[in-house]
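Remarks on the structure that follows.
The values are calculated or read from the model by the stated rules, or taken from the named source; none is laboratory data. Every value quoted in this text rests on a predicted model; they were computed, and no experiment measured them. Counting neighbours? That spans all protein chains shown, and the Cβs are built from the backbone with ideal geometry, glycine included. Ligands, DNA and RNA are excluded from the accessible area calculation, which covers all protein heavy atoms including side chains. Shrake-Rupley method; radii C 1.70, N 1.55, O 1.52, S 1.80 Å.
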Amino acid sequence: MASKEARVRELETLMQLPDFWDKNEQAQKVIAECNKLRAWTVPYQTLNKKFQDAKVLLPEAVELEDSSFVKELLEELKTVETGLADLEIRRMLAGELDDKNCYLSINSGAGGTEACDWALMLSRMYQRWAAKKGWKVEFIDAVEGDVAGLKSITFRFSGDFAYGYAKAEKGVHRLVRISPFDSNAKRHTSFASVDVSPEITDDIEINVRSEDLRIDTYRASGAGGQHVNKTDSAVRMTHMPSGIIVSCQAERSQIQNREACMKMLRSKLYEMEVLQREQALRVLGGEKKEIAWGSQIRNYVFQPYTLVKDTRTKVESGDINGVMDGEIDDFVNAYLKEYG
């Protein structure tokens, strides 16, 4: 942490120079680096000050037998402990892409209407989780189910280390419950897949050849009837060599939706390149654990008992309502500790 603090002081000195803004592009890079480091140093300095204050005041409060003040200081130490645990988790987010914003997509799997309803339930869970983390959530694209729910939906999450945290959710999510769509009240098993990709910045160059693309347009509808219009403004873009498909209907014009699709496509291609590089390094370094993105990662059981269990980390919770309300940090943090 001392090296980070020293670097912040060095960058802040640069930013105070009278000719700092003469080279705008270079200045922006300095500011970005400084903000990235401050995201570590400021919370650490705050926690350290709280700890030092409590360390000085607690013996005095005990000596004076001021029980209420002792209780207050002990609560303060608990917040310090929690803050340090959060910083420890963030220490795992040192990957090249972890500090980026991200796109999160949910696709219903086997199970028909029940699977579409499961995709809708997951979309609500992730929106609530993102809100709890203070991220901005933007709707990008959605395809509604034939009867209920969603066949697919894509969001953009903007916030500190959005991709670093959200990447823990990549994979297949399995639901077991008595289906409200079954008149015989039988238990059903449904699946939905979650994909997460980072949003890359303009300074990263990814060349996409026009001849490698197939572009389709269709009528935009939007979740809940939003953005309804009478033109084929929605865009679906297929990258033929990789098989990657992206779509967007959030913008008002076809041109804007094409630009958004291209941004998502470039992000997915860059992520693929980085992950391949990291996998090669893991092989060379003898990494013990394998990260299998496409496998089933979590089971959500509503009946005959309530249990959410992560198949990778074995972390589980009986509070299924809390989980569906966005309380998934225990699963995410356990994943980062084990695989981060």
Worksheet entry | Unmet criterion (only one of (1) farther than 21 Å from GLN276 by Cα; (2) touching a residue at least 12 places away in the same chain (Cβ under 8 Å)) for SER210 | (2)
Practice prompt. Only residues that are touching a residue at least 40 places away in the same chain (Cβ under 8 Å) and open to solvent by 80 Å² or more (accessible area, probe 1.4 Å): list them for region 257-272, please.
Written response: ARG258
Practice prompt. Find all pairs meeting these conditions: Cβ atoms under 6 angstrom apart; at least six residues apart or on different chains; first residue within region 32-51 and at negative phi; second residue surrounded by fewer than 16 Cβ atoms within 10 Å (Cβ to Cβ) and at pLDDT below 85.
Written response: LEU37/LYS4; TRP40/LYS4; THR41/LYS4; TYR44/MET1
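Select from region 316-326 the residues that are open to solvent by 40 Å² or more (accessible area, probe 1.4 Å) and without any contact (Cβ under 8 Å) to a residue 40 or more places away in the chain and write down the one among them that is farthest from the chain's Cα centre (by Cα).
Filtering region 316-326 down to residues open to solvent by 40 Å² or more (accessible area, probe 1.4 Å) leaves 316, 318-319, 321, 325.
Subsequent filtering for residues that are without any contact (Cβ under 8 Å) to a residue 40 or more places away in the chain retains 316, 318-319, 321.
Details: GLU316: 20, GLY318: 23, ASP319: 22, ASN321: 21 Å.
Filtering first and then ranking leaves GLY318.
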Item to complete: Provide a single number: the residues in region 88-111 that are surrounded by fewer than 15 Cβ atoms within 10 Å (Cβ to Cβ), of a type in the set (A, V, I, L, M, F, W, C) and either at pLDDT 85 or above or farther than 25 Å from VAL246 by Cβ (or both).
Response: 1
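Kindly check whether there is at least one residue in region 299-319 that is part of a helix (DSSP H, G or I), of a type outside the set (Val, Ile, Thr) and at pLDDT 75 or above. Steps first, answer last, please.
Here is the first cut: in region 299-319, the residues part of a helix (DSSP H, G or I) are none.
No, because not a single residue in region 299-319 is part of a helix (DSSP H, G or I), of a type outside the set (Val, Ile, Thr) and at pLDDT 75 or above.
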Worksheet item: Of MET125, MET121, which residue is under 24 Å from ASN333 (Cα atoms), open to solvent by less than 10 Å² (accessible area, probe 1.4 Å) and either outside any strand (DSSP E or B) or free of Cβ contacts under 8 Å to residues at least 24 places away in the same chain (or both)?
Response: MET125
Worksheet, complete the sentence: Over region 239-256, the set of residues in contact (Cβ under 8 Å) with a residue 12 or more places away in the chain, under 25 Å from the mean Cα position of the chain (by Cα) and open to solvent by 10 Å² or more (accessible area, probe 1.4 Å) is HIS239, SER242, ILE244, SER247, ALA250, GLU251
Fill in: Options ASP160, ASP202, ASP182: the member that is part of a loop (DSSP other than H, G, I, E, B), open to solvent by 20 Å² or more (accessible area, probe 1.4 Å), under 22 Å from ILE328 (Cα atoms) and at pLDDT below 90
ASP160
Discussion item. I want to confirm something. Restricting to region 3-45 and keeping residues that are open to solvent by less than 90 Å² (accessible area, probe 1.4 Å) and of a type in the set (Asp, Glu), which single residue is nearest to LEU87 (Cα to Cα)?
Written reply: GLU5
Discussion item. I'd like the full set of residues that are more than 17 Å from SER123 (Cβ to Cβ), open to solvent by 30 Å² or more (accessible area, probe 1.4 Å) and in contact with a helix residue (DSSP H, G or I) (Cβ under 9 Å, 6 or more places away or on another chain), limited to region 185-199.
Written reply: HIS188, THR189
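With respect to GLU76, determine if the residue is open to solvent by 60 Å² or more (accessible area, probe 1.4 Å), farther than 19 Å from ILE297 by Cβ and in a loop (DSSP other than H, G, I, E, B). Full working, then the answer.
Numbers: open to solvent by 60 Å² or more (accessible area, probe 1.4 Å): yes; farther than 19 Å from ILE297 by Cβ: yes; in a loop (DSSP other than H, G, I, E, B): no.
So GLU76 fails the test.
Checking the condition farther than 30 Å from ARG38 by Cα and open to solvent by less than 10 Å² (accessible area, probe 1.4 Å), which residue from GLU144, GLU114 passes?
On the way: GLU144 fails: open to solvent by less than 10 Å² (accessible area, probe 1.4 Å).
Just a single option satisfies the conditions, and that option is GLU114.
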